Structure formats: C-alpha cells, structure tokens
Amino acid sequence: MNNVISFQENGVNANPIILDNVFRLRHETFINRLGWEIPSCEGRERDQFDDLDPYHIVVTDNDNVKGCWRALPTTSDYMLKDIFPELLQGEAAPQEEDVWEISRFTVDKNKRNEDRGYFSTATIELIKSFHNFAKENNIKSYVTVTTVACERILRQLGVNMRRMGDGKSLQVGVERSVALWIEVDDNLCITKH
C-alpha cells in the first residue's frame with residue numbers, strides 16, 4: 001500500500017533510506033532517461049537547491065520510492081528564477097511566502113506496470129499531494145518548470161494553471177519546456193482520472 005510522506009533532509013521525521021532512494025530515482029530519471037547534464041555522485045542526483053533544506057514529498061511502498069517532488073519557497077533561491085529565467089519570458093519571478101516551487105517531479109517508470117489506469121497511481125497521488133502540502137503550509141500557488149508532456153497530464157487532470165510569460169514553450173535539453181503557475185484550489189484534489 002502506498003503512503004505519501006513529506007520531510008526535510010535534516011528534519012525530525014527524515015528517513016535516510018527513503019531520501020537515498022529519492023536521489024537514486026532522480027538520477028535514473030533526469031540523468032539516465034532524460035540525459036540532463038547535471039551533477040551526480042555515485043548514482044544519486046542532488047543539487048545546490050537540496051542544500052536549502054527543501055521539503056521532499058514522496059510516494060512510498062515501505063522504503064520503495066514510487067515517485068517524488070521537491071518543494072521550495074520562492075523567497076530565496078529556486079530553479080525557475082536562478083537556473084531557467086528564460087522560461088519566465090518577461091514575467092517577474094515570484095518571491096512571496098505563499099508561492100512555492102515544485103521541482104524534480106518524477107515517477108519510477110519501472111513501477112508503472114503495477115497500475116491499470118491511464119495515469120499511474122503514484123502520479124495521481126503526487127499531484128494530489130500538491131493540494132495537501134499547500135494546505136499544510138499556507139501556499140496559495142506554485143510555480144514549476146516542466147515539460148509540455150507533463151503540462152498535458154496536469155491539464156487532462158483538470159489542474160488550474162497557466163503558462164508564465166508569453167506562454168511559449170522553449171527547448172531545454174531534449175524536451176520542450178514551460179514555466180507554469182499553478183493555483184491551489186479544489187481542482188488540485190484530482191477527482192477525475
């Protein structure tokens with residue numbers, strides 16, 4: 001049975017085994033599968049934003065990580081503002097306490113065959129966790145850098161969002177990518193799929 005947990009690396013409820021598996025899944029997804037040229041050490045992808053004590057939101061089955069994402073407030077450094085500002089295309093990068101960034105969203109593709117629906121159970125649980133995490137942390141909106149394929153999934157699930165800036169997708173590595181503004185509302189509860 002899946003559980004959705006959230007923790008900070010140095011928090012009291014941190015689980016070093018799960019965190020290690022998060023970094024391994026990120027390596028598999030972003031380096032091996034997508035071919036991103038980003039730092040990795042011993043099969044674990046961890047970047048400078050992990051040094052800022054973000055929250056890791058994880059779908060697990062015991063210590064098996066099925067999917068995860070990272071949450072950072074926009075009041076300090078974050079990926080959209082500091083690494084991908086070109087995706088803002090003229091829109092100001094938010095720096096507000098109630099606007100957070102979603103990054104490193106991934107689902108273990110090796111576990112997809114366990115699901116019978118159009119969207120994997122882990123994908124649905126992770127997207128639902130956007131709403132739950134927001135309510136727990138007084139977040140009104142999220143921003144994220146994502147692929148147009150992931151944008152399409154969010155749209156099909158009824159997530160209330162818009163492209164930032166002039167709304168054009170740009171080539172980032174091997175993927176067409178966009179910056180999204182996601183509203184925290186009841187649509188994030190995801191009832192259709």
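From the list 24, 33, 44, pick out the single residue that is open to solvent by 90 Å² or more (accessible area, probe 1.4 Å), modelled with pLDDT of 95 or more and not small (Gly, Ala, Ser).
After applying the criteria, what remains is 24.
Quick check on residue 136: is it open to solvent by less than 40 Å² (accessible area, probe 1.4 Å) and at pLDDT 95 or above?
No.
Any residue that is under 22 Å from residue 7 (Cα atoms), surrounded by 13 or more Cβ atoms within 10 Å (Cβ to Cβ) and β-branched (Val, Ile, Thr) - is there at least one of those in region 75-91?
Yes; the residues of region 75-91 include at least one that is under 22 Å from residue 7 (Cα atoms), surrounded by 13 or more Cβ atoms within 10 Å (Cβ to Cβ) and β-branched (Val, Ile, Thr).
So which residues in region 11-21 are among the polar types (S, T, N, Q) and open to solvent by less than 50 Å² (accessible area, probe 1.4 Å), if there are any at all? Full working, then the answer.
Within region 11-21, the subset among the polar types (S, T, N, Q) is 13, 15, 21.
15, 21 - these are the residues of region 11-21 that are among the polar types (S, T, N, Q) and open to solvent by less than 50 Å² (accessible area, probe 1.4 Å).
Would you check if there is a residue in region 145-154 being farther than 18 Å from residue 68 by Cα, of a type in the set (Gly, Ala, Ser) and loosely packed, with under 15 Cβ neighbours inside 10 Å?
no
Kindly state which strands (runs of 3 or more DSSP E) lie completely within region 150-193 and contain at least 3 residues that are in contact (Cβ under 8 Å) with a residue 60 or more places away in the chain and touching a helix residue (DSSP H, G or I) at 6+ places or on another chain (Cβ under 7 Å). Before the answer, list the steps.
Values: elements: 161-163, 170-172, 175-183.
Those strands (runs of 3 or more DSSP E) span 175-183.
Of all residues in region 53-74, which are closer than 15 Å to residue 126 by Cβ and either among the charged types (D, E, K, R) or open to solvent by 40 Å² or more (accessible area, probe 1.4 Å) (or both)?
Result: 55, 61, 64, 66, 70.
Condition (residue is more than 14 Å from the chain's Cα centre (by Cα), within 30 Å of residue 162 (Cβ to Cβ) and of a type in the set (A, V, I, L, M, F, W, C)) applied to region 54-61: is it met by at least one residue?
Start the filter on region 54-61 by keeping residues that are more than 14 Å from the chain's Cα centre (by Cα), which leaves 60-61.
If we keep only those that are within 30 Å of residue 162 (Cβ to Cβ) as well, we get none.
So far as region 54-61 goes, no, none of its residues is more than 14 Å from the chain's Cα centre (by Cα), within 30 Å of residue 162 (Cβ to Cβ) and of a type in the set (A, V, I, L, M, F, W, C).
The values are calculated or read from the model by the stated rules, or taken from the named source; none is laboratory data. All values reported here derive from a predicted model rather than from experimental measurement. Cβ: placed from backbone, ideal geometry, glycine included. Neighbour counts: every protein chain shown. With ligands, DNA and RNA removed, areas are computed over all heavy atoms of the protein, side chains included. Shrake-Rupley method; radii C 1.70, N 1.55, O 1.52, S 1.80 Å.
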